[in-house]
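Inspection log for the structure reproduced underneath, given as structure tokens.
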Amino acid sequence: MYTIDTKGHLCPEPLIMASNGLKEVKEGEKVLIISDNETSYQNLMSFLTDLGANPVASKKGYEYHIEATKPAKSSPQAENNPEQYCSVPGGAAPATDYVVVARSSRMGEGDPELGDLLVRGYLNALKGMDHLPTYIIMYNGGVKLSLEGTDTALALGELEDKGVSIIVCGTCVDYYKVKDKVSVGRISNMYQIATILAEAGHVVYL
Amino acid sequence: MQLYLFPNVHKVMKAEKICSNIGIQSRVIPVPEHISSECGMCLLVESGDVDKCVELFEKNSIPFEVYHEG
């Protein structure tokens, strides 16, 4: 199979190499494109998909192997501008900073039991995401998410380790008499919470 | 780590309670996209006597699937 080795090349080179490589083979013939960089791999997959080359990928150790088929009719938009698929994480469209606010111990309105489950799923999923909030603020019933023995507190702890500031409303932990059970974050006051909310790029309310 | 998948969210809740009642903490996480693209939740059991949970799932007729992760 015609092989295009893009290892060690940075965007947009792998895209151009793949585009040129496909010009060397006949319609319906396959090429193998090798990449050692996750961003390049993702860019290649977007490019080849739009081109109509049906890319199929597999991971071999640190390498990504993509098999693509030369289409009978390539999409001219993709074919003429492989460079446009060069996206660098956090580069082209800078992610804005955001703050997550837990207003209650649940996510959304409706069935309370479902709301409990959803917020647990959300926080456990959030820790695996690339674009993390700068702050997570918990007030009113939301402070219960920070209490010891909950998997939400574990997830919040992991988010804290990744640099997210966890803020727990002091008045609220006092009201619910749970101050000594807060196992993660910093107990704070309404001045700080108001300042963080005022300065946030945007706020995500659970 | 073991992931326990259930046919619906009600079974997830029931299973979670069963484990928690016998002192086994599980974490609720969305089903990883490489397993299913549907919006579902599953349980991640990191430690504890998982066999006891499984025994109780079977006793309570809760169908489940196990995936090994990581």
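The values are calculated or read from the model by the stated rules, or taken from the named source; none is laboratory data. Everything numeric in this text was worked out from a predicted model, so none of it was measured. Heads up, the Cβs are rebuilt from the backbone with ideal geometry, glycines too, and the neighbour counts pull from every protein chain shown. Keep in mind that these areas ignore ligands, DNA and RNA; they rest on the heavy atoms of the full protein, side chains included. Shrake-Rupley method; radii C 1.70, N 1.55, O 1.52, S 1.80 Å.
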Cubic angstrom per residue, convex hull over Cα atoms of region B:2-68: 72 Å³
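Can you pick out the pairs among A:LYS59/A:LYS144; A:LYS177/B:LYS17; A:LYS60/B:LYS14; A:LYS181/B:LYS17; A:LYS127/B:LYS17 whose Cα atoms lie more than 31 Å from each other? Mind dumping the intermediate values first?
On the way: A:LYS59/A:LYS144 41 Å; A:LYS177/B:LYS17 25 Å; A:LYS60/B:LYS14 40 Å; A:LYS181/B:LYS17 22 Å; A:LYS127/B:LYS17 24 Å.
The answer is A:LYS59/A:LYS144; A:LYS60/B:LYS14.
Just to check, using Stokes-Einstein with a Kirkwood Rh over alpha carbon pairs, what's the diffusion coefficient of region A:2-85 at 37 °C and 0.692 mPa s in µm²/s?
Numbers: Rh = 12.2 Å.
Result for D is 269 µm²/s.
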Inter-chain Cβ neighbour average for residues B:28-36, partner chain, 10 Å: 4
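Which FRET efficiency, nearest 0.05, do B:SER61 and A:VAL204 yield, Cβ-Cβ r, R0 45 Å?
E between B:SER61 and A:VAL204, to the nearest 0.05, is 0.70.
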Inter-label distance, nm, simple model (7 Å from Cα along the C-beta direction), A:ALA72/A:THR39: 3.8 nm
Average beta-carbon neighbours from other chains, 10 Å sphere, peptide B:7-13: 2
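Given R₀ = 25 Å, FRET efficiency for A:LYS7-A:LYS162 by Cβ-Cβ distance, to 0.05? Write down the numbers at each step before the final one.
Values: r = 30 Å, r/R0 = 1.18.
Approximately 0.25, to the nearest 0.05.
Determine how many Å³ per residue the convex hull of the Cα atoms of region A:82-206 encloses.
Values: hull volume 14.8 nm³, N = 125.
About 118 Å³ per residue, rounded to a whole number.
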Helix axis angle, A:112-126 relative to chain A longest principal axis, alpha carbon, degrees: 50 degrees
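At a threshold of 8 angstrom on Cα-Cα distance, excluding pairs fewer than six apart, so keeping six or more, what relative contact order does region A:98-205 reach in percent?
On the way: 173 pairs, mean separation 35.3, N = 108.
Once normalised by length, the contact order is 33 percent.
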Estimated inter-spin distance, B:GLU46 and A:LYS60, nm [label 7 Å along Cα→Cβ]: 3.6 nm
Average beta carbon contacts from partner chains per residue of A:116-125, 10 Å cutoff: 5
Helix A:190-199 vs. chain A, principal-axis angle (Cα, 0 to 90°, nearest 10): 20 degrees
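Please give the calculated 222 nm ellipticity per residue for chain A, where each DSSP H segment of at least 4 residues contributes -39500 (n - 2.57) and the sum is spread over every residue; nearest 500 deg cm²/dmol?
After summing the helix terms and dividing by the residues of chain A, the value is -10500 deg cm²/dmol.
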Order by protection proxy (mean Cβ within 10 Å, highest first), peptides B:18-28, A:140-150, A:53-63: A:140-150, B:18-28, A:53-63
For the pair B and A, total buried accessible area rounded to nearest 100 Å², probe 1.4 Å: 1000 Å²
Packing-based order for A:72-81, A:159-168, using average beta carbon neighbours within 10 Å, highest first: A:159-168, A:72-81
Within region A:37-51, backbone nitrogen closer than 18 Å to the virtual label 7 Å beyond the Cα of A:GLN84 toward Cβ: A:43-51
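Write down, largest first, the equivalent ellipsoid semi-axes of the protein assembly as shown in whole Å, where each equals the square root of 5 times an eigenvalue of the alpha-carbon gyration tensor.
Numbers: eigenvalues 383, 138, 42 Å².
Computed over the protein assembly as shown, the values are 44, 26, 15 Å.
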